[in-house]
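Taking it in order: structure first as structure tokens, then the write-up.
The values are calculated or read from the model by the stated rules, or taken from the named source; none is laboratory data. This one's a predicted model, so the numbers in the text were calculated from it and none came from an experiment. Positions of Cβ are generated from backbone atoms using ideal geometry, with glycine treated the same way; all protein chains shown enter the neighbour counts. Ligands, DNA and RNA are excluded from the accessible area calculation, which covers all protein heavy atoms including side chains. Shrake-Rupley method; radii C 1.70, N 1.55, O 1.52, S 1.80 Å.
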Amino acid sequence: MSVIGTTSPQATLTSSHSPATAPPFQYSLDQSMPCPAGSEDYRLASASYSQVEVSPELQAVLDGIPDELNTKMQQLRAPSTSVVVVQGGRELYSSFQGSAVVNRSVAVNASSGYQIASISKTFTSAMLFLLRDAAKLPMGLDTPVNHLLPNFKIQPSPLRTSYRNITLRALAVHGSGLPRELPPCEHCDQDQILNKISELTALCDQFTATHYSNLGVALLGRSLEKVAGKSWERFVTEELMEPLGMMQSGAPPATNVHMAEGVDPVTGKVVPVPNVSSWGAPAGLLHSTPRDMGVWMRFLMDSPGSPGERAVFDSVLDASTRAEMRRTGILQGDGVTGVGSGTFEMAYLDGRWTTNKLGCLGGYRSAISMVPSLQLGVFGVASSTCDLHGDGDAITFPILNKLIPVVQRQLQARAR
């Protein structure tokens, strides 16, 4: 089962879509869905705030992670790999293997910097929802892009049947019909880039299909600047990262962290880290650390570790809005994958919906893989460019596959 948005044909999750693993909620005959109070899923979510115990069964899974990372490090030809597992409001486990500097022994740790590539898109989507909640968008998520950027236009698809303008919502869920990549335009300003975009042709009408688009999310971030009153770079830093205490994360240049060197897995050569931002940065140019990404996952899943942290999370973005980012979007035709409104790749795994975002950039592959109903999340990164072995999902998915049944069994026993 391929995850939407991955560039890697071998990046798959194992899923069993059968009555034995049916979703936790069932539609009634009138197609209404009950609130979760009293359901098993609700009890599991409540129980998870008490955190799982590190039972012998769970410890065995965690003890196997370093060997898994060392194997992956060799397979992916990466100088380093790092993993953080969060559950029930705290960091459950972390492991850091390899060196931050090629051909030297400089241990990576929770504060080592990595390019998080397309995980950056989740910050751009959080910006969208924050500005929507602040009533800064005249038509909410359905504000047309050209309302904020009047110079934006694109040639219509040859299959055009709609004359509706592309919306911010369509950009966030890869439903805009825009091509995947930005047009080549080195050292161009925004007007020049928009002029280049106007020469492109849409692949289809918006919402008629999903097509992964770095161009679309870059356009989303730059459009939002018009109502944010500051650049995308400043907004995600000042309105998201700093309030959450993610002080070693940000846009280029990475002056607030020691970066782990990333390499091309074919040549073994170090890939330079960008030292300046770009117009396309909202689609994938942020850096972060394993520790900070643990915070970001807990924030997205609404999994605070204390009442004080809950107050901080809610002050940044309302809990129901974060749930909206996770739980709404576009379901794919296979019924077990989708694109979330927070620009997540959604996948139905072991009877539960997982919320993922994979990333690939020169020298790095990364992923966040979360199971909100279990308050469980895994961040994984390797310092080598993605290839047929996958993006960061090559690290996170095997670990998540082993953790879900163990955590679920413990929480189900406690919830009964």
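Observations on the structure shown:
- For Ala283, the conditions (1) modelled with pLDDT under 95; (2) open to solvent by less than 10 Å² (accessible area, probe 1.4 Å) are fulfilled apart from (1).
- Criterion (within 24 Å of Val312 (Cβ to Cβ), in contact with a Phe, Trp or Tyr (Cβ under 6 Å, 6 or more places away or on another chain) and among the β-branched types (Val, Ile, Thr)) met by exactly one of Val257, Val236: Val236
- Counting only residues that are part of a strand (DSSP E or B), small (Gly, Ala, Ser) and under 26 Å from Pro253 (Cβ atoms), segment 72-118 holds 7 of them.
- Residue pairs meeting the criteria (Cβ under 6 Å; at least 6 apart or on separate chains; first more than 11 Å from Trp279 (Cβ to Cβ), in segment 182-201; second among the aliphatic types (A, V, I, L, M)): Leu200/Ile154
- Inside segment 117-137, residues that are over 22 Å from Trp279 (Cβ atoms) and either of a type in the set (Lys, Arg) or modelled with pLDDT under 95 (or both) make up a count of 1.
- Of the residues making up segment 101-123, those that are closer than 30 Å to His174 by Cα and of a type outside the set (Ser, Thr, Tyr) are Gly113, Gln115, Ile116, Ala117, Ile119, Lys121, Phe123.
- Residue list for segment 193-219, filter: of a type in the set (Gly, Ala, Ser), over 17 Å from Arg164 (Cα atoms) and open to solvent by 10 Å² or more (accessible area, probe 1.4 Å): none
- Boolean, Glu233 is in a helix (DSSP H, G or I) and of a type in the set (Asp, Glu): yes
- Residue match in segment 313-321 (condition: surrounded by fewer than 22 Cβ atoms within 10 Å (Cβ to Cβ) and among the aliphatic types (A, V, I, L, M)): yes
- Selection count where residues are open to solvent by 20 Å² or more (accessible area, probe 1.4 Å) and outside any helix (DSSP H, G or I), scope segment 153-182: 17
Rundown of residues vs (1) within 30 Å of Val102 (Cα to Cα); (2) open to solvent by less than 30 Å² (accessible area, probe 1.4 Å); (3) in contact with a helix residue (DSSP H, G or I) (Cβ under 8 Å, 6 or more places away or on another chain), yes/no style:
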| site | (1), (2), (3) |
| --- | --- |
| Arg327 | no, no, no |
| Val339 | no, yes, no |
| Leu376 | no, yes, yes |
| Ser384 | yes, yes, no |
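- Qualifying residue in segment 289-305 (condition: of a type in the set (Asp, Glu), over 29 Å from Asn70 (Cβ atoms) and open to solvent by 10 Å² or more (accessible area, probe 1.4 Å)): yes
- Residues located in segment 260-273, provided they are in a loop (DSSP other than H, G, I, E, B) and either buried (at least 17 other Cβ atoms within 10 Å of the Cβ) or acidic (Asp, Glu) (or both): Ala260, Glu261, Asp264, Pro265, Val273
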